[in-house]
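Student: Once you've had a glance at the structure underneath, I'll fire off some questions.
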Amino acid sequence: MAFAGQPAPGGGFYQGGYGGAPGGPAFPGQAQDPLYGYFAAVAGQDGQIDADELQRCLTQSGIAGAYKPFNLETCRLMISMLDRDMSGTLGFNEFKELWAVVNGWKQHFISFDNDSSGTVDRQELEKALVNMGFRLSPQAVTAITRRYSTHGKITFDDYIACCVKLRALTECFRRRDTSQQGFVNFQYDDFIQCVMSV
């Protein structure tokens, strides 16, 4: 008995044993990954997605649910969070990682949206941040709320932008806080690079 890709009796190959066509899966099992369809629908020939393509992909996937689609700036922030080669794009594996993170934040958002309004207020945000392990002063939480809210309410899109920025800035700070004491010294240029890369 021969299997797909194995020689058949009398020569030749059984159907289905052919290699992938150009633009096909880059690793075995990729085509069966349900996320690959969303990714492949918008990725160019380079197999990468930029912020515009990510916005289309996330909108088409319905990950935002009943919430409004992600704005372009939020998509840029999400790419910057996982863009390890600084190309301004994400490959499929980075996209899968982003998908998992965004889904986690979505569940988190829903759990702290106590009144099911589709927004979180300052108190709900503070509880969410504490739950994620952030120990911020009331002044810091107020500043974050002012930055990401409209009339004191933070939408899902802005919540994701806030989470991305907090994660990226915390990672930047943590890399420089070698003694893990909560204090670092920045040179001005290093500080600007850290903040502006997010």
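Student: Just to confirm, what accessible area per residue do you get for the range 43-134 at 1.4 Å probe, in whole Å²?
Tutor: 48
Student: Please compute the contact order of the range 117-198 in relative form: average sequence separation of alpha-carbon pairs under 8 Å and at least six residues apart, divided by the residue count, as a percent.
Tutor: 26
Student: Determine how many Å³ per residue the convex hull of the Cα atoms of the range 39-85 encloses.
Tutor: Output value, Cα hull per residue: 68 Å³.
Student: If R₀ is 22 angstrom, what is the calculated FRET efficiency for the pair ALA41 and ASP115, using the beta carbon separation as r and rounding to 0.05?
Tutor: My answer for the efficiency is 0.05.
Student: Compare the Cα positions of HIS108, VAL164, PHE92 along the charge dipole of the range 58-198 (+1 at Cβ of Lys, Arg; -1 at Cβ of Asp, Glu; about the Cα centre) and return the one farthest towards the positive end.
Tutor: HIS108
Student: Now, a different point. Roughly speaking, to the nearest percent, how much of the range 87-159's 1.4 Å accessible area is carbon and sulfur?
Tutor: 53
Student: In whole Å, what three semi-axes, largest first, describe the equivalent ellipsoid of the range 48-198 built from its Cα gyration tensor (square root of 5 times each eigenvalue)?
Tutor: Ellipsoid half-lengths, sorted descending, are 24, 22, 13 Å.
The values are calculated or read from the model by the stated rules, or taken from the named source; none is laboratory data. Source: prediction; values computed, not measured. Because the Cβ atoms are built from the backbone with ideal geometry, glycine has one as well, and the counts that use them run over all protein chains shown. For accessibility, only protein heavy atoms count, side chains too; no ligands or nucleic acids. Shrake-Rupley method; radii C 1.70, N 1.55, O 1.52, S 1.80 Å.
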